[in-house]
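The values are calculated or read from the model by the stated rules, or taken from the named source; none is laboratory data. These numbers come from a predicted model, not from an experiment. Side chains are part of the model used for accessible areas, which takes the heavy atoms of the whole protein and leaves out ligands, DNA and RNA. Shrake-Rupley method; radii C 1.70, N 1.55, O 1.52, S 1.80 Å.
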Amino acid sequence: MSPIQLFDEESCTYTYVLVDAPSKEAVIIDPVDCKIERDLALIRRDGLTLKWIVETHAHADHITSAAPLAELTGAKIAAPKACEIGTATWQLEDQQVLHFGGQVLLALSTPGHTAGSMSYVWAGHVFTGDTLLINGCGRTDFQSGSSEALFHSLTQVLFKLPEETVVWPGHDYNGKTSSTIAIEKTHNPRIAGKSLEEFTLIMTGLHLPKPKRIDEALAANLKSGLRQDAHGLHYGDIQSAQGYAGDLTNGLAWQWFENHEALLVDVRTQAELEWVGFVPGSVSIPWKNSPSMMANANFDVDLKKYAGTLKVLFLCRSGVRSIAAAKRATELGLEAYNILDGFEGEIDDQAHRGARGGWKASGLPWRQN
Ligand SMILES: N[C@@H](CCC(=O)N[C@@H](CS)C(=O)NCC(=O)O)C(=O)O
Ligand SMILES: [Fe+2]
């Protein structure tokens, strides 16, 4: 059994998916926000049931996708208790065990890079987060880091594991993928054969630049990446509206749609669907923002076929036409909702890093013909 190793080129972060083959239950370790689409696609492709989303620590260099992933998959979040990530369901302590299918994942407290950092052991593999890197180790110069604690975690915890244990790090900046306890114990230039004093000297002499996104990342990661969008809503929220049943985030829209609780109506033109993409399984009933009701005569006819069946969710490019369509649908007697930010949202809104990026940027399924 081997883990599936995934890489984020931007932060050089490794994410791991561990699968119990008979039950297809799975665990994901250290998922990254901008890779949520890739990770969801893998889960769907292999028919996996994600049980746990596990963090090795509160990351300083990238934002986790734990919260949106939990909402979209139903998995629960587990994180080291000492990391104080309040949104995690399971606050893990040393030696506690997570189960998925017939598998167990053992949490080992390995402080040093951060005071809460943990490593996880599974079937001859160890996921070391930023405690042990290949030919390196996590820095100890911020976030309650301690060279002394790291020295102890490396020499007294990780290096006590069986020598053939495969080491899977949280990052690699040099293209390396895995190692073993035996190799790191004997060859790791920062720790192999070093005394605590020598190790501390090496660590204090690193003088690494601060991670570029540390402030933004830490604040977000202490909430599992749960962020408010520009409407003040959290991923998955719904808010009441005038003239239709409500506004909802695309995360909740996807959940309802996938659970067959709602019909998803795309009101963009055929040309937009073809050029920009669409949500598989959605129904196309174009709405034109035109003063003449005649322009939307077909809208009424097509939509009435669905009256009285399900909730109807309206999607357009940025969330304007869908409001008009939701109002009209309400007049026609349907339970109609507007999906905030539409398919594309506010493009180029760098400040929010995709928070207003719409359906596509949220990593929800879509396709182009
Ligand atoms: N250059 C990266 C930061 C890299 C970094 O500091 N990585 C941390 C892990 S969060 C580390 O411990 N690095 C150890 C090392 O580079 O030796 C950024 O700006 O985000
Ligand atoms: Fe880190």
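Would you look at the GNM of the chain, springs on alpha carbons closer than 10 Å, and say which of 192, 253, 70 moves the most?
Largest GNM mean-square fluctuation: 192.
Find the centroid of the Cα atoms in segment 254-301 and in segment 75-141, then give the distance between the two in whole Å.
44
Sort out for me the Cα centre separation of segment 173-221 from segment 1-62, rounded to whole Å.
After rounding, the separation between the Cα centres reads 23 Å.
Between 18, 206, 310, which gets the highest mean-square fluctuation from a Gaussian network model of the chain, Cα cutoff 10 Å?
Greatest mean-square fluctuation among the candidates belongs to 206.
Taking every pair of distinct Cα atoms and averaging 1/r, then inverting, what Kirkwood hydrodynamic radius in Å comes out for the chain?
Numbers: mean 1/r = 0.0449 Å⁻¹.
Taking the inverse mean of 1/r over all distinct Cα pairs, the chain comes out at 22.3 Å.
Return, for the Cα atoms of segment 238-361, the radius of gyration and Dmax in Å, separated by a comma.
13.6, 42
Where the accessible area of segment 27-159 is counted over protein heavy atoms with a 1.4 Å probe, how much of it, in %, is carbon and sulfur?
Values: 2170 of 4190 Å².
Looking at segment 27-159 in its full context, I get 52 percent from C and S.
How many percent of Cα pairs in segment 4-221 exceed 23 Å? Provide the component values of the computation, followed by the final result.
Values: 9907 of 23653 pairs.
When all Cα pairs of segment 4-221 are counted, 42 percent exceed 23 Å.
State in Å² the accessible area per residue of the chain; use a 1.4 Å probe, count heavy atoms of protein chains only, and round to the nearest integer.
Values: 16070 Å² over 369 residues.
About 44 Å² of surface per residue is accessible.
Is there a pair in 51/223; 35/223; 76/311 whose C-alpha atoms are over 22 Å apart, and which pairs would that be?
Numbers: 51/223 19 Å; 35/223 18 Å; 76/311 27 Å.
Violating the 22 Å Cα-Cα cut-off are 76/311.
Over segment 4-221, what relative contact order in percent results from Cα pairs under 8 Å that are six or more residues apart?
Working: 453 pairs, mean separation 37.2, N = 218.
Here the relative contact order equals 17 percent.
Quick check on the chain: helices-only [θ] at 222 nm, where DSSP H runs of length 4 and up contribute -39,500 (n - 2.57) each and the sum goes over total residues. Nearest 500, please. Walk me through the numbers before you get to the answer.
Working: 11 runs with 87 residues, N = 369.
Mean residue ellipticity, 222 nm, calculated: -6500 deg cm²/dmol.
Could you please state how large a percent of the accessible area of segment 238-361 is carbon and sulfur, counting protein chains only and using a 1.4 Å probe?
Details: 3040 of 5800 Å².
The computed percentage sits at 52.
Scan around residue 283 for amide H atoms under 5 Å from its own, H built in the peptide plane at 1.01 Å from N, and keep only partners 5 or more places away or cross-chain.
Here 264, 265, 266 satisfy the definition.
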